């Protein structure tokens, strides 16, 4: 990953595989597109997710990342729907995705999930920054994000990256409209425009042919 700038790399105070003396930082996190061989890795991430984190992401009570969600990621086309994963020592510690809207092709739904021990360490911001760069190249200029109104951490993260963002309340959720720019604002202490790690296999950077 590209060297992070600012007041220094954030330390990630969470257990990870590796030498006992190793204290990982955000610079040790690798970002790449989700691949079909990543299902078991993502399933293992459930062990590091609280019920509150799972509810905030899937808006329903579930003891683990749902199987139907894992299956849906196998159908990614890496154009209208993309998912990026954050890897630390070979394990997934976060996933962010967008799904392009059918009626307005310049907008897409954004969703982010970060394992509990690595929340508030900049992992979510790193994922969103990378995802925004890909989305812009594919014609997406705005993210929509639904956040449970009581999810203060998610609201603060959005306010950090989009200080002028306004939300539209709906039931128990707040819906944010987040405009994208060529250099997205840093979120949670990350630097703009991180470099993507090479994907496990080539992914097209052009619109898929119909049919």
Quiz prompt | residue 103 farther than 28 Å from residue 47 by Cα, out of contact with any helix residue (DSSP H, G or I) (no Cβ under 8 Å at 6 or more places or on another chain) and part of a helix (DSSP H, G or I) | solution = no
Exercise. Could you tell me whether residue 62 is farther than 24 Å from residue 178 by Cα and assigned to a loop (DSSP other than H, G, I, E, B)?
Key: yes
Quiz item: List pairs: first in segment 123-143 and surrounded by 24 or more Cβ atoms within 10 Å (Cβ to Cβ), second modelled with pLDDT under 95 and in a helix (DSSP H, G or I), Cβ under 8 Å, 6+ apart or cross-chain?
Solution: 123/26; 124/157; 125/157; 125/160; 125/161; 126/26; 128/161
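A quick yes/no check of all residues on (1) within 27 Å of residue 25 (Cβ to Cβ); (2) within 14 Å of the chain's Cα centre (by Cα); (3) modelled with pLDDT of 90 or more; (4) surrounded by fewer than 17 Cβ atoms within 10 Å (Cβ to Cβ):
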residue: 149; (1), (2), (3), (4): no, no, no, yes
residue: 161; (1), (2), (3), (4): yes, yes, no, no
residue: 168; (1), (2), (3), (4): no, no, no, yes
residue: 174; (1), (2), (3), (4): no, no, yes, no
residue: 186; (1), (2), (3), (4): yes, yes, no, no
Exercise. Please enumerate the residues belonging to segment 134-143 that are within 17 Å of residue 96 (Cβ to Cβ) and either modelled with pLDDT under 95 or over 15 Å from the mean Cα position of the chain (by Cα) (or both).
Key: 136, 137, 138, 140, 142
Practice problem: Using the structure shown, decide if residue 113 is part of a helix (DSSP H, G or I) and at pLDDT 95 or above. | Solution: no
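Please work out if residue 76 is surrounded by 15 or more Cβ atoms within 10 Å (Cβ to Cβ), within 23 Å of residue 150 (Cβ to Cβ) and in contact (Cβ under 8 Å) with a residue 12 or more places away in the chain.
On the way: surrounded by 15 or more Cβ atoms within 10 Å (Cβ to Cβ): yes; within 23 Å of residue 150 (Cβ to Cβ): no; in contact (Cβ under 8 Å) with a residue 12 or more places away in the chain: yes.
No; evaluated as a whole, the condition is false for this residue.
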Quiz prompt | Single condition residue 64 does not satisfy, out of (1) surrounded by fewer than 17 Cβ atoms within 10 Å (Cβ to Cβ); (2) more than 20 Å from residue 159 (Cβ to Cβ); (3) in contact with a strand residue (DSSP E or B) (Cβ under 9 Å, 6 or more places away or on another chain); (4) at pLDDT 95 or above | solution = (3)
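For (1) in a helix (DSSP H, G or I); (2) surrounded by 13 or more Cβ atoms within 10 Å (Cβ to Cβ); (3) at pLDDT 95 or above; (4) in contact with a helix residue (DSSP H, G or I) (Cβ under 8 Å, 6 or more places away or on another chain), each residue gets a yes or a no:
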{"residue": "17", "(1), (2), (3), (4)": "no, no, no, no"}
{"residue": "21", "(1), (2), (3), (4)": "no, no, no, no"}
{"residue": "31", "(1), (2), (3), (4)": "no, yes, yes, yes"}
{"residue": "41", "(1), (2), (3), (4)": "yes, yes, yes, no"}
{"residue": "56", "(1), (2), (3), (4)": "yes, yes, no, yes"}
{"residue": "68", "(1), (2), (3), (4)": "yes, no, yes, no"}
{"residue": "71", "(1), (2), (3), (4)": "yes, no, yes, no"}
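The values are calculated or read from the model by the stated rules, or taken from the named source; none is laboratory data. Model, not experiment: these values are computed from the prediction. Every residue, glycine as well, gets a Cβ built from its backbone with ideal geometry; the counts of neighbours run over all protein chains shown.
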